[in-house]
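These notes are about the structure you will find just below.
What follows is calculated from the coordinates using simple rules that are stated; it is not laboratory data. Treat the numbers as computed from the prediction; the structure is a model and nothing was measured. Using ideal geometry, Cβ is built from the backbone for each residue, glycine included, and neighbour counts are taken over all protein chains shown.
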Amino acid sequence: MKQACDEVGLGIDFRFEVTCPDGHVVRSVARIRDVGDTNGMLVFSRVEEMGGRGECLCSLGYGYTVYGEPGDKEVFDLESYKEMFRDWGWTEARAE
């Protein structure tokens, strides 16, 4: 995912943490800036990592998704990543 973000000009922060108002800390694999919602798109490898805090994340201005790691034999396909980023609100004009 880092390679795809670098290719299209999206910032990515790994091991990003969000603290909910109840004090629960949600740790994501990454946050991709400028897509998803006001504060970016949080990426989790498993739904359980969110700890049932989806509503909290949305209220704090984060989008979220569960995205498994690509397999060892998976070929990097920038167009597939661009399509996913578009679904999250990215436009190629924003990359220029």
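In degrees, nearest 10, range 0 to 90: what is the angle between the Cα axis of helix 78-87 and the longest Cα principal axis of the chain? Result, in degrees: 40. Net length available on complete extension from R27 to S80 is 16.5 nm, with 0.36 nm assigned per residue and the Cα-Cα distance removed. In the chain, what cysteines have no partner Cβ closer than 4.7 Å? Lone cysteines by the Cβ rule: C5, C58.
Share of pairwise Cα-Cα distances greater than 21 Å in the chain is 31 percent (whole percent).
Only Lys, Arg, Asp and Glu carry charge here, each on its Cβ (+1 for the first two, -1 for the last two); on that basis the stretch 2-71 has a dipole of about 100 debye about its Cα centre.
Working note: 222 nm ellipticity from helices only, DSSP H runs with n ≥ 4, each -39,500 (n - 2.57), summed and divided by the residues of the chain, gives -7000 deg cm²/dmol to the nearest 500. Neighbour counts of C-beta atoms inside 10 Å place Y81, Y62 in the sequence Y81, Y62, starting with the fewest.
Going from the fewest other Cβ atoms within 10 Å to the most, the residues F16, F76, F85 appear in the order F76, F16, F85.
Counted residue by residue at 0.36 nm each, then reduced by the alpha carbon distance between them, the extension gain from D13 to E92 reaches 26.4 nm.
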